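The values are calculated or read from the model by the stated rules, or taken from the named source; none is laboratory data. Bear in mind the structure is a predicted one, so any value in this text is a computation, not a measurement. Note: ideal-geometry Cβ built from the backbone for every residue, glycine included; neighbour counts use all protein chains shown. For the accessible areas, the whole protein counts, side chains as well, though only heavy atoms, and no ligand, DNA or RNA atoms are used. Shrake-Rupley method; radii C 1.70, N 1.55, O 1.52, S 1.80 Å.
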Amino acid sequence: MYFKNLNILICSANQELEELLRQIKPLERFGHCFKTVSNQEGLGKETLEEACPDADIIIMDVAPEEIPMNLPYLCATLHPRFVYCERPERGTLTDPEQVELFHAIWGGPFTAERIRLYFAFLQQETKAKYDLRLNRHCLETTIDSLPDRVWFKDTRGAHLKVNRSFWKLVGKAKEQCRGRGHYYIWDMDAEEYGKGEYVCLESEDVVMTAKKTCIFDEKLKGLNGRMLQFRTYKSPIFDEDGKVIGTMGVARDVSDL
């Protein structure tokens, strides 16, 4: 569904790394664009931005003392994945804070096979990042296009994600709903919520125990005090080990019916 050209900037005194990396086939839906700049040109912010303003990966094949002093600023402003090439003849990184700035550290000597393994891991990580971004976008687009109210909760009942119809109904921004419980979102005090007059408090427990989709008829008090009737479909969410880690719900307003 998507195609991404990875812009890869290599900071090195020669073309060795670029020549090795060009031999590696891109993954499906990806392309590679390489550019090497010499460390003699300087590795300041302006140079990196001018050399590859849209860099996705910056590989630094330089001596430790040649790493830019403003690397923390570069990491925060350019947002690529920084990789450091550590060659035995040049020494090693000793500053822990500096080490943490790099997404990966490749250890030499750099044979074609070693570079292939290093880069393959970086390729898979990058692909996972873009696949996750696509999946999140698809989920957001899907649930926000629905007229029904959709939400995801953890096992404690805190809302992790809600759709546009949901937060418009409750009159709160999406960020205000995240991590909050039912009584806050629906402006109910603890005593009113505890009585369970406007919501079935046991429904989430029923779903997590049954471990299947269950259907409920629930009443809620709207912002104007009007009682709303919902036909609610609630399903458990499992982790990879089959443990219930939350629930999701879809509520259809059937008040007029």
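What FRET efficiency would be calculated for the residue pair ALA76, ASP205, taking the C-beta separation as r and a Förster radius of 35 Å, to the nearest 0.05? Efficiency for this residue pair is about 0.20. Would you work out which of VAL244, TYR73, VAL206 lies farthest towards the positive end of the dipole of the chain? Charges go on Cβ: Lys and Arg +1, Asp and Glu -1. So the residue furthest toward the plus end is VAL206. Between the beta carbons of LYS168 and LEU93, assuming R0 = 35 Å, the FRET efficiency works out to 0.10 to the nearest 0.05. Checking [x] 6, 23, 23, 19, 14, 10, 4, 1; [y] 6, 23, 21, 14, 16, 14, 6, 0; [z] 7, 29, 37, 22, 4, 0, 0 against the coordinates, the calculated P(r) over Cα pairs in 10 Å bins from 0, in percent falls under label [y].
Remark on the stretch 67-171: ratio of C-alpha radius of gyration to 2.2 N^0.38 Å is 1.66. Taking amide H atoms as placed 1.01 Å from N in the peptide plane, the amide H of GLY246 lies under 5 Å from those of ILE237, each 5 or more residues away in sequence or on another chain. Remark: the stretch 213-218, residue by residue, has Karplus-estimated 3J(HN,Hα) of 5, 10, 10, 10, 10, 10 Hz, where x stands for each Gly or Pro and the curve is 6.51 cos²θ - 1.76 cosθ + 1.60 at θ = phi - 60°. Between the residues LEU257, ILE59, LEU93, the greatest Cα displacement towards the positive end of the dipole of the chain, with unit charges on the Cβ of Lys, Arg, Asp and Glu, is found for LEU257.
Its Cα centre serving as origin, the chain has a Cβ charge dipole (Lys and Arg +1, Asp and Glu -1) of approximately 1200 debye. Take 90-99, 145-154 and order them by the average number of nearby Cβ atoms within 10 Å per residue, most first; the result is 145-154, 90-99. Based on the Cβ-Cβ distance from ILE105 to VAL244, what FRET efficiency comes out when R0 is 30 Å, to the nearest 0.05? That pair, ILE105 with VAL244, gives E of 0.15. Only protein heavy atoms count here; under a 1.4 Å probe, CYS33 has an accessible surface of about 50 Å². Our summary gives the chain a relative contact order of 12 percent, counting only alpha carbon pairs under 8 angstrom and 6 or more residues apart.
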